[in-house]
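One structure is given here, and the rest of the page talks about it.
The values are calculated or read from the model by the stated rules, or taken from the named source; none is laboratory data. Note that the coordinates shown come from a computational prediction; the quantities given were computed from them, not determined experimentally. Here the Cβ is made from the backbone with ideal geometry for all residues, glycine too, and neighbour counts use every protein chain on show. Protein only, heavy atoms only, side chains kept; ligands, DNA and RNA dropped before computing areas. Shrake-Rupley method; radii C 1.70, N 1.55, O 1.52, S 1.80 Å.
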Amino acid sequence: MHQSNNHIAQSAPERDKNWSPIGVFDSGYGGLTILREMQKLLPQYDYLYLGDNARAPYGTRSFDIVYRFTLQAVEELFRRGCKLVILACNTASAKALRSIQQNDLPRIDPSRRVLGVIRPTVEQLGTLTRSNHVGLFATPGTVRSNSYALEVAKLFPRMELTGHACPMWVPLVENNEADKPGADYFVSQDVKALMKADPAIDTVILGCTHYPLLYPKIRACLPPDVRLIAQGEIVAKSLTDYLHRHPEMESRLSRSEHQGHTEYLTTEQAEPFARMASLFLHTDIEATQITLS
């Protein structure tokens, strides 16, 4: 069980000038599964998590709305000291990342960086699949965006990706039904539909950060020889590699000798957020409610 030192977040003017955490953004709770793996692999750094829970879910929203909401969150994290922000949200990575990288960062601050979760996940597929047939479980918005398919086509032109949208999975997780019998039906139906679409699939990506909480049920429904890949560990390893390759960014991040600080922001009420977050993080936290605009 990971324990972190948690402090209630303060706005930039009230903050230590040396505070430069790694920002982690998600539309809700799912990004906490990414954060947890980052904390395990890179415990020395400070982190600032922001969940836009009041406006979640993003999966069914338009490109323009997701882009606008994500940009607001990134700018808030920048204002609070972050030099590097991870979009720990597949929908935001699919619908907003490229526009922010190309159009907004040059205007806001060219020295800051925003990274997503889709490319590092796809980069690992070459070492995981034997049949070159890969399945993807994701939200309707991520599947419709074709972001995974485009990355696969760029990196592995001969690989076949079959996406399947699972609109019920996020509500199951966020209503604390992930380990209940009621979730079995929906998981079983979606797994069957994906494997029927391409029986040659030997590797399946969980393309939504909420889905690891359904991992045992998904694993039980999949054929035993099919690999099931959650993103947290992949993204954490990719971040480690990124910091090794970019010492100019690594040197700007605040840290402690052993255990960094993690702070939590939410656009929803703080108490219910903290209660739900404990399911994802396996530890109690404190959170602060903010407004994005």
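Below is a table of values for the structure above.
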| item | result |
| --- | --- |
| Residue tally, condition in contact (Cβ under 8 Å) with a residue 40 or more places away in the chain, out of contact with any His (no Cβ under 8 Å at 6 or more places or on another chain) and of a type in the set (Phe, Trp, Tyr), over the stretch 137-159 | 1 |
| Candidates Leu71, Leu50 - the one that is under 24 Å from Ser278 (Cα atoms) and of a type in the set (A, V, I, L, M, F, W, C) | Leu50 |
| Matching option when the condition is in contact with a helix residue (DSSP H, G or I) (Cβ under 7 Å, 6 or more places away or on another chain), surrounded by fewer than 19 Cβ atoms within 10 Å (Cβ to Cβ) and closer than 16 Å to Gly163 by Cβ, among Leu243, Leu228, Leu206 | Leu228 |
| Test: Val134 is closer than 22 Å to Leu206 by Cα and either crowded, with 24+ Cβ neighbours inside 10 Å or touching a residue at least 60 places away in the same chain (Cβ under 8 Å) (or both) | yes |
| Contacts under 9 angstrom Cβ, first residue in the stretch 97-118 being of a type in the set (D, E, K, R), partner open to solvent by 10 Å² or more (accessible area, probe 1.4 Å) and assigned to a loop (DSSP other than H, G, I, E, B), 6 or more apart | Arg98/Gly116; Asp109/Lys83; Arg112/Lys83; Arg113/Lys83; Arg113/His246 |
| Any chance Ser93 is assigned to a helix (DSSP H, G or I), more than 21 Å from Gly260 (Cα to Cα) and open to solvent by 10 Å² or more (accessible area, probe 1.4 Å) | yes |
| Within the stretch 46-88, tally of residues that are open to solvent by 10 Å² or more (accessible area, probe 1.4 Å) and among the hydroxyl-bearing types (Ser, Thr, Tyr) | 3 |
| Residue ranges of helices (runs of 4 or more DSSP H) in the stretch 105-170 with at least 3 members at pLDDT below 95 | 140-145 |
| Selection within the stretch 137-156 - under 16 Å from the mean Cα position of the chain (by Cα) and open to solvent by less than 10 Å² (accessible area, probe 1.4 Å) | Phe137, Ala138, Gly141, Thr142, Tyr148 |
| Tally, over the stretch 160-189, of residues that are loosely packed, with under 15 Cβ neighbours inside 10 Å, of a type in the set (S, T, N, Q) and either free of Cβ contacts under 8 Å to residues at least 60 places away in the same chain or within 18 Å of Leu136 (Cα to Cα) (or both) | 3 |
